[in-house]
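Read-outs: derived from the displayed coordinates by stated rules, not from any lab. Please read all numbers here as calculations on a predicted model, not as lab measurements. Because the Cβ atoms are built from the backbone with ideal geometry, glycine has one as well, and the counts that use them run over all protein chains shown.
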Amino acid sequence: MSQENQVVNINSSLSSQEEVSVINDSEAVAQTLCDNCHQSVEGAFCSNCGQSLDSTLKYFWVVILHLLDDIFSFDSRASRTLWPLIFRPGFLTNEYFSGRRVHYVPPLRLYLFISIMFFLTLKLTVSGEDQQTIEMNNNKAAITQVTEHIKTLNEKKLQAQPTPDNKNIASIDADLARFNRYLDDLKLDISIAENAKLVSTTRQLATIELERANLGTDDKSNSITISNSADGSLSFDFLSDESNKKLDDSAKKLAEKAKKTFTTDTNRLINEVLGKLPQLMFVLLPIFALLLKVIFIFSKRLYMEHLTVALHSHSFIFVSSLSIDLLDVAHDHVKALGGGFATAAASILGFIGFALLIWIPIYLFIMQKRIYKQGYIFAFFTYGFVGIIYFILMALTTVVAIVWGLTEI
């Protein structure tokens with residue numbers, strides 16, 4: 001090889017090394033370092049410590065938008081999730097168990113979204129009910145008591161001994177006339193402002209008259225007591241006398257509050273209960289999953305799989321109940337329009353709501369059968385047993401929500 005060729009080769013080699021050096025320098029410049037461990041990062045997460053490169057220090061409105069997007073924006077997964085959730089029992093759960101998850105909304109996010117919408121809508125529909133309905137519900141107890149008192153007065157009149165001046169019968173007739181007038185006023189349409197005032201005043205007067213007759217709130221049959229002993233007190237052997245006294249005092253205050261609430265404005269208590277139920281239902285979910293784990297212990301499924309079943313089944317119940325509630329509201333509004341077309345449309349809405357109500361237990365049965373691979377007979381018995389236990393759990397949850405609600409009033 002000639003000397004000139006050697007010089008050319010050396011120069012080209014040096015040139016190549018310089019190019020490599022320039023490329024490496026440019027890569028070093030473009031390299032991203034992790035803020036936590038200061039290692040080079042390729043991608044959105046550090047391979048060394050796992051920290052995301054996306055900073056949490058952002059404008060507040062950007063954070064709010066991201067949060068709303070995480071909660072409410074299900075993009076195309078929503079349509080692929082909601083349809084099988086309502087009409088294909090067990091499909092979503094089996095897809096999740098099989099590892100095909102990317103096309104569907106995750107179970108926990110699905111439950112949170114649907115439960116928020118359900119309880120929010122339920123609270124709005126209860127709070128937004130027509131005042132007439134609420135007032136008439138409050139009048140039911142008064143109307144019943146007045147009617148019973150009129151019946152008692154009529155019996156007294158038949159048994160009354162006539163006197164020379166007929167004072168006994170005259171007194172009973174006066175009471176009958178007064179309470180019949182109360183009854184007529186209580187049954188007035190209180191959607192009219194003047195009638196609303198009259199009904200409210202009548203209810204107060206009737207209550208006073210009934211209390212004087214010992215048939216109103218002083219009647220022991222109408223009292224509410226929380227006790228476990230013959231003397232009407234609440235106590236437990238494992239507690240000290242001082243603790244039992246505090247417990248009994250708290251129980252009496254709660255009973256008195258419940259008595260006033262149930263006989264006056266129950267709407268406030270309902271709103272309080274609806275505010276507590278979402279939290280209690282979230283606590284009930286893992287308990288229900290544990291129940292499934294115990295009952296279907298031979299299915300060899302993990303606890304998290306049973307929790308997924310609980311999340312999907314409750315999501316279905318909530319979305320169905322939400323649909324039934326909205327259909328019921330639409331039914332009342334359409335029916336109020338009057339006319340043949342409105343009546344037919346209201347009937348259709350009522351039928352759809354009734355069909356959804358019937359579909360809930362059928363759906364849950366089919367879902368259990370498909371997920372746990374059971375025969376019809378065995379599935380029927382386990383479904384009944386789970387249903388009974390769940391009904392008891394729901395009853396206890398409702399009682400806790402009522403007691404909790406009473407403490408907040």
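Judged by the mean number of other Cβ atoms found within 10 Å, the most tightly packed of the peptides 392-405, 107-120 leads the ranking 107-120, 392-405. In terms of distances greater than 28 angstrom between alpha carbons, the cross-link table entries 151/259; 246/276; 276/335; 156/253; 253/276; 157/257 yield 276/335; 156/253; 157/257. State whether region 265-408 is rounded, prolate or oblate according to the following rule on the C-alpha gyration tensor (a ≥ b ≥ c being the square roots of its eigenvalues): a/c under 1.5 gives rounded; otherwise a/b larger than b/c gives prolate, and the remaining case gives oblate. Oblate, since a/c reaches 1.5 and b/c is not below a/b. Between residue 148 and residue 358, residue separation times 0.36 nm minus the direct Cα-Cα distance comes to 71.8 nm. How many angstrom lie between the Cα centre of region 279-319 and the Cα centre of region 356-409? Cα centroid of region 279-319 versus Cα centroid of region 356-409: 11 Å apart. Listed peptides 236-249, 38-51, 359-372, 91-104 appear in the order 359-372, 91-104, 38-51, 236-249 once ranked by packing, highest mean of other Cβ atoms within 10 Å at the front.
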